[in-house]
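**Q** Here it is: the structure, laid out below.
The values are calculated or read from the model by the stated rules, or taken from the named source; none is laboratory data. Fair warning: this is a prediction, and the values are worked out from it, not measured in the lab. Note that each Cβ is placed from the backbone with ideal geometry, even for glycine, and that neighbours are counted across all protein chains shown.
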Amino acid sequence: MGSAGVVLLLTLLLGIQPITTDLYLPTLPTLQRDLGASMAATQLTLSALIICFGAAQLVLGPLADRFGRRPVLLAGLAVYTLASLAGALAASIEALVGWRALQGAGMAAAVTCARSIVRDLFAPQEGARVMSKALSGLGVIAMASPLTGGVVAQWLNWHAALLVVALFGAATLAIVAWRYEETVPQRNPRATQWAPMMANWRAVLAHPGFRAWTLLSGFAYGALFFLLAGTSFVYIGLLGVSKLAYGLIMMTQSFAYIVGTFWCRRLLARHGLRGAVARGGLFTLAGALAMAGLALAGVHTVWAVMIPSMLFCIGHGVHQPCGQAGAVGPFPEKAGTAASLSGFWMMAVAFAVGLFLGHSGGTSLYPLTLGFATLALALCAVAWTLVQRHGEAPAAPREVRASPA
């Protein structure tokens, strides 16, 4: 495929996640009103997507190790596209929640296989560099998504915004079918057998480097999910900005994230994985302290939420590629399994955040600002302790496979 083709493929596969969440965010207040749904039920359209996304990774990772990335990608993207189309046509909040859940399961195939492909082709530090390039592209998608969602929702409706998601899924499926060549180095026929799968999970979970990078990724995504799931109600509902203005605000957050991914590549060249995340944590810390401090001081304005979020997003542009590449780095033969377990933890944290926000009522800035700051500070603690001790731990021992006979 060539290096440029690999980066483009990874950008599309990883970009499905912000397309599925960010483009949808400006529609949430309108969707809630049109379907007569409660705040908790509306948040469930995100939370159900996230928990199914996380749970499906536990199955799809071993399947990708057994059958290869290509068949899992094709099946998952087909499910994603069909569920996205059905969600766009949903007439009730219950139906929308169900289709979003199925959409999350299909999305898991794209993201899990993308992380596995990075380990199939690259060593950990080179993989982080390639991942940061793909995530720069993801940042462009994330930058355009809320603005696109805001424009479509403003001029058409939330059904049309969700139809855009279905079209992106269909286009990605077509490109994978046309261009993607299998990258798995060797299929493992035992990857989905219960006893070997449990042994693989234990081996991955026992690795200190995996635990360090996975904790980092989980806290990073959980803090980000506070911004994804909560800011539309804060900016539009509490601070009175329009849907279009909200899209522009989220566009600035994505731009800050892109800046972080470019900075990440410079840090990797000079300081390696551990040095990169240590320095990225300075922006995360600044964002957390500013967000919580301004909220507690009674400064409840757009800028008081927006500027700290941008600081965090610069740090996130470092932590996300390093965390994802670091988690699968020690496992060249079990990359799908490692990617699925890491992804499950990330989505479990995000699901908890979604439930928390869903029951907060959407009537105050404090659940968003203080919850975000708590997870961002936990991220800094992991980046400066566990990652520094175990972040470049040696590769796991090679798996001893039984003879086919």
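**Q** Could you please let me know if A297 is farther than 30 Å from L60 by Cβ, among the hydrophobic types (A, V, I, L, M, F, W, C) and free of Cβ contacts under 8 Å to residues at least 12 places away in the same chain? Let's see the steps before the verdict.
**A** Values: farther than 30 Å from L60 by Cβ: yes; among the hydrophobic types (A, V, I, L, M, F, W, C): yes; free of Cβ contacts under 8 Å to residues at least 12 places away in the same chain: yes.
Yes.
Residue-wise test of (1) surrounded by fewer than 24 Cβ atoms within 10 Å (Cβ to Cβ); (2) out of contact with any Lys or Arg (no Cβ under 7 Å at 6 or more places or on another chain).
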position: A83; (1), (2): no, yes
position: G87; (1), (2): no, no
position: A91; (1), (2): yes, yes
position: L96; (1), (2): no, yes
position: W99; (1), (2): yes, yes
position: G104; (1), (2): no, yes
position: A108; (1), (2): no, yes
position: S116; (1), (2): no, no
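**Q** Quick one: would you say F210 is touching a residue at least 40 places away in the same chain (Cβ under 8 Å), of a type outside the set (K, R), under 30 Å from I307 (Cα atoms) and in a helix (DSSP H, G or I)?
**A** Details: touching a residue at least 40 places away in the same chain (Cβ under 8 Å): yes; of a type outside the set (K, R): yes; under 30 Å from I307 (Cα atoms): no; in a helix (DSSP H, G or I): yes.
Taking the combined requirement at face value, the residue does not satisfy it.
**Q** Also, I was wondering about something else. What single numbered condition from (1) surrounded by fewer than 22 Cβ atoms within 10 Å (Cβ to Cβ); (2) hydrophobic (A, V, I, L, M, F, W, C); (3) touching a residue at least 60 places away in the same chain (Cβ under 8 Å) fails to hold for L216?
**A** L216 satisfies every listed condition except (1).
**Q** Scanning region 349-405 for residues that are at pLDDT below 75 and of a type in the set (K, R), which turns out nearest to G298 (Cα to Cα)?
**A** R398
**Q** Considering only residues that are surrounded by fewer than 21 Cβ atoms within 10 Å (Cβ to Cβ) and of a type in the set (V, I, T), which ones fall in region 19-50?
**A** Answer for region 19-50, where residues must be surrounded by fewer than 21 Cβ atoms within 10 Å (Cβ to Cβ) and of a type in the set (V, I, T): just T30.
**Q** Would it be correct to say that T192 is surrounded by fewer than 21 Cβ atoms within 10 Å (Cβ to Cβ), of a type in the set (V, I, T), assigned to a helix (DSSP H, G or I) and touching a residue at least 12 places away in the same chain (Cβ under 8 Å)?
**A** no
**Q** Where the second residue is outside any helix (DSSP H, G or I) and surrounded by fewer than 20 Cβ atoms within 10 Å (Cβ to Cβ) and the first is touching a residue at least 40 places away in the same chain (Cβ under 8 Å) and among the aromatic types (F, W, Y) and lies in region 55-80, which pairs have Cβ atoms under 8 Å and are six or more apart or on separate chains?
**A** Matching pairs, first to second residue: F67/R187.
**Q** For region 156-163, state whether one or more residues are modelled with pLDDT of 80 or more, assigned to a helix (DSSP H, G or I), over 23 Å from L23 (Cβ atoms) and not small (G, A, S).
**A** Within region 156-163, none of the residues are modelled with pLDDT of 80 or more, assigned to a helix (DSSP H, G or I), over 23 Å from L23 (Cβ atoms) and not small (G, A, S).
**Q** Could I ask something else about it? When you go through (1) small (G, A, S); (2) farther than 16 Å from G354 by Cβ; (3) part of a helix (DSSP H, G or I) one by one for A55, which number turns out not to apply?
**A** Status for A55: all satisfied but (2).
**Q** I'm trying to understand the selection: among the residues of region 118-131, which are surrounded by fewer than 24 Cβ atoms within 10 Å (Cβ to Cβ), in a helix (DSSP H, G or I) and of a type in the set (A, V, I, L, M)?
**A** L121, V130
**Q** Still on this structure: Anything in region 213-250 that is of a type in the set (V, I, T) and in a helix (DSSP H, G or I)? List them, or say none.
**A** Once the filter is applied, which keeps residues that are of a type in the set (V, I, T) and in a helix (DSSP H, G or I), region 213-250 yields T214, T231, V234, I236, I249.
**Q** Suppose we filter L289, L282, L238 for residues that are surrounded by fewer than 24 Cβ atoms within 10 Å (Cβ to Cβ) and free of Cβ contacts under 8 Å to residues at least 60 places away in the same chain; which single one remains?
**A** L282
**Q** Any residue in region 140-156 that is within 16 Å of A88 (Cβ to Cβ) sitting within a Cβ distance under 7 Å of a residue that is in a helix (DSSP H, G or I) and of a type in the set (D, E, K, R)? List the pairs, counting only those 6 or more apart or interchain.
**A** A153/K243
**Q** If you take the residues in region 199-213 that are farther than 14 Å from S340 by Cβ, surrounded by fewer than 19 Cβ atoms within 10 Å (Cβ to Cβ) and of a type in the set (A, V, I, L, M), which one is modelled with the highest pLDDT?
**A** A206
**Q** If you check D65 against the conditions, is it buried (at least 24 other Cβ atoms within 10 Å of the Cβ) and more than 27 Å from A144 (Cβ to Cβ)? Break it down stepwise before answering.
**A** Values: buried (at least 24 other Cβ atoms within 10 Å of the Cβ): yes; more than 27 Å from A144 (Cβ to Cβ): yes.
Against the criterion (buried (at least 24 other Cβ atoms within 10 Å of the Cβ) and more than 27 Å from A144 (Cβ to Cβ)), D65 qualifies.
**Q** I'm checking my understanding of the structure. Among residues of region 279-313 that are of a type in the set (F, W, Y) and out of contact with any Ser or Thr (no Cβ under 8 Å at 6 or more places or on another chain), which one is modelled with the lowest pLDDT?
**A** By that ranking, first place goes to W303.
**Q** From A153, A161, A134, grab the single residue that is under 19 Å from V111 (Cβ atoms), out of contact with any His (no Cβ under 7 Å at 6 or more places or on another chain) and surrounded by 24 or more Cβ atoms within 10 Å (Cβ to Cβ). It would help to see each step written out before you state the result.
**A** Values: A153 fails: under 19 Å from V111 (Cβ atoms); A161 fails: under 19 Å from V111 (Cβ atoms).
Only one candidate qualifies: A134.
The rows are residues; the columns are (1) of a type in the set (A, V, I, L, M); (2) surrounded by fewer than 20 Cβ atoms within 10 Å (Cβ to Cβ); (3) part of a helix (DSSP H, G or I).
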{"position": "T252", "(1), (2), (3)": "no, yes, yes"}
{"position": "G293", "(1), (2), (3)": "no, yes, yes"}
{"position": "G298", "(1), (2), (3)": "no, yes, no"}
{"position": "H316", "(1), (2), (3)": "no, no, yes"}
{"position": "H319", "(1), (2), (3)": "no, no, yes"}
{"position": "P332", "(1), (2), (3)": "no, yes, no"}
{"position": "S340", "(1), (2), (3)": "no, no, yes"}
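**Q** So if I check each of G150, G61, G104, which one is in contact with a Pro (Cβ under 6 Å, 6 or more places away or on another chain) and in a helix (DSSP H, G or I)?
**A** It is G150.
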